[in-house]
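To start, the structure itself, in structure tokens.
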Ligand code: ADP
């Protein structure tokens, strides 16, 4: 059984969970969206499938309003979480990995902006996936270092967020984030 292999750990103020982001009982689930906001594969597909049509309807409304050109890389915006246990989904667009350009600040923006949006909503608990490490091909060890450092730094400015959980889909990602968190 898959659950027999699930792992979790607390490292400093971070909670690391091996599992599915759509199953997290938190105030905010962060979506690794794309700039269209209209759905995709990976985390995005899983959130829309499980959360139901209200999330896509809210995303379409954003596109019809302030986000006519979509969401820029590093930005974050909230919608309902539909049928998920969470109260809100915060959509953010990770950078596509580049071997020639360092896009770490854009990846850091995803974590910073998502936490600030969550704090603005009054959220206390937030779950992140490993943004950019799937379809956007970011090496997981590097993405983990950026994620862990940025979350630690941003939490000093968002004291009402009492729990930040990183939800890793497989053991390899979990182990990389655990190493990064221990080195923080
Ligand atoms: P991106 O386009 O930002 O790379 P992806 O959704 O393709 O986003 O992948 C981000 C990470 O999320 C990958 O490591 C992938 O394995 C993982 N992932 C995919 N589905 C889920 C899920 N349901 N819950 C948690 N993590 C997931």
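Nothing in this text is a laboratory measurement; each read-out follows from the coordinates by a stated rule. This is a predicted model, so every value here is computed, not measured. When we count neighbours, we look across all protein chains shown, and the Cβ atoms used for this are built from the backbone with ideal geometry, even at glycine.
Under the rule of -39500 (n - 2.57) per DSSP H run of 4 or more residues, summed and divided by the residues of the chain, what mean residue ellipticity at 222 nm is obtained, to the nearest 500 deg cm²/dmol?
-12000 deg cm²/dmol
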*Ratio Rg/Rh [Cα only; Rh per Kirkwood] for the stretch 1-91*: 1.02
*Report the antiparallel proportion of the DSSP beta bridges in the stretch 1-94 as a percent, rounded to a multiple of 5.*
60
*asked:* Under a crude label model (7 Å from the Cα following the beta-carbon direction), how far is residue 100 from residue 23 in nanometres?
replied: 4.2
*Compute the length gained on full extension between residue 69 and residue 124: take 0.36 nm times their separation in residues and subtract their Cα-Cα distance, giving the result in nm to one decimal.*
16.8 nm
*When DSSP beta bridges are limited to those with both residues in the chain, what percentage is antiparallel, rounded to the nearest 5?*
35
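With the Cα gyration tensor of the chain giving a ≥ b ≥ c as the square roots of its eigenvalues, does the rule (a/c under 1.5 for rounded; else a/b larger than b/c for prolate; else oblate) give rounded, prolate or oblate? Numbers along the way, then the final one.
Working: a/c = 1.37, a/b = 1.25, b/c = 1.10.
It is rounded, given that a/c, with a ≥ b ≥ c, falls under 1.5.
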_Pairwise label distance in nanometres, residue 135 with residue 10, each label 7 Å out on the Cα-Cβ vector_ = 3.6
*Using 1/(1 + (r/R0)^6) with R0 = 30 angstrom and r between the beta carbons of residue 179 and residue 116, what's the FRET efficiency to the nearest 0.05?*
0.65
_Efficiency of FRET between residue 160 and residue 61 - r from beta-carbon atoms, R0 22 angstrom, step 0.05_ = 0.25
